[in-house]
1. Would you calculate the separation in nanometres between label points at LEU204 and THR221, each defined as 7 Å from the Cα along the Cα-to-beta-carbon direction?
2. State the Cα centre-to-centre distance between the range 257-279 and the range 46-64 in whole Å.
3. How high is the FRET efficiency between ASP105 and ARG289 when r is their beta carbon distance and R₀ equals 30 Å, given to the nearest 0.05?
4. Compute, for HIS116, the solvent-accessible surface of its heavy atoms (probe 1.4 Å) with the complete set of protein chains present, and express it in square angstrom to the nearest 10.
5. Just the number, please: percent antiparallel of the DSSP beta bridges in the chain, rounded to the nearest 5.
6. Helix 119-134 sits at what angle to the longest principal axis of the chain, using alpha carbons and giving 0 to 90 degrees rounded to 10?
7. I'd like to check one number: the per residue accessible area of the range 77-166, probe 1.4 Å, reported in Å² as a whole number.
8. Would you mind checking the tilt of helix 139-148 against the longest principal axis of the Cα atoms of the chain, expressed as 0 to 90 degrees and rounded to 10?
Amino acid sequence: MKTAVLTDTNSGITVAEGEKLGIYVLPMPVIVQDHCYLEGVDITNEQLYKAMISDQEVSSSQPSPGEVMALWDRVFKDGYDEIVYIPMSSGLSGSCHSAAQLAEDYDGKVYVVDNHRISVTLMESVLDGKALAKQGKSACEIKKILEEQSYQASIYVAVDSLKYLKKSGRITASAAAIANMFSIKPVLSIQGEKLDLFAKVRGLKQSEKKMIEALKADLQTRFADVPKERIRIATAGTFEDEEDSRKWQAYVQSAFPEADVYYVPLSCSIACHVGVNAVGVGATVILER
């Protein structure tokens, strides 16, 4: 059996990068001023940031059933026998559930993985899936393994502005006003299905320190028995200035000198909710590759 691995751009893997890795990537739609764009196809992160800074209306959207099935059909035409599709967490979007429903019409040839991840942790799942496929694992086996590993990951995100969280209904207007008045920055966490409030900190620099402390605590508790070579630490963000992304990566690298810390921009879909100049850090337990 020839098994294909698919994901969406919420993994942080672009369509072009996917082609190099042998992974199919579905570009996620984002809406700017009522016009729908596809991430990495006709809109870039930088273009989205400019739209947000100029106060244009932006939002995220699910891919249409037609777009999902068109990609699946193309994969089968490319000669694959079965598909492992790893979209963003079902706790953050309905796209995973929608894909699972569509898969029912493919006679057991498409397996949709819900391992409750997004961004850098989802990326590591996709790379694990590709490694398992190379080892000869079936789509059914890959789905089972990845879902069993779902919660072996942590993400922390700090936002510079509460504007977009308020727009998406994740924080009330009054709470946002009070937080902005006192320069309170929420630190959000994803350790499973949903985005949760982890801490409230005054100032973005303190938020960054809080995220480092939280990740260190995870490594000392939840992941204490995991060999260091199986833990990936990554940074992410929605930085206007590329130099800020390098500074954030270097800061996290200094906090975890034993790790090979990398940086991936948060996807356009995520940026629609966290705004510009958000910062993130994550740790993922990977399979042996």
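1. Going by the 7 Å Cα→Cβ label model, 2.8 nm.
2. 16
3. Step by step, r from the Cβ atoms, then E = 0.40.
4. Accessible area of HIS116: about 30 Å².
5. Numbers: 31 of 47 bridges.
Close to 65 percent.
6. Helix 119-134 sits roughly 20 degrees off the main axis of the chain.
7. Numbers: 3460 Å² over 90 residues.
Accessible area per residue, the range 77-166: 38 Å².
8. 30
The values are calculated or read from the model by the stated rules, or taken from the named source; none is laboratory data. This one's a predicted model, so the numbers in the text were calculated from it and none came from an experiment. All Cβ positions, glycine included, derive from the backbone under ideal geometry; neighbour counts span all protein chains shown. All accessible areas refer to the heavy atoms of the entire protein, side chains included, with ligands and DNA or RNA removed. Shrake-Rupley method; radii C 1.70, N 1.55, O 1.52, S 1.80 Å.
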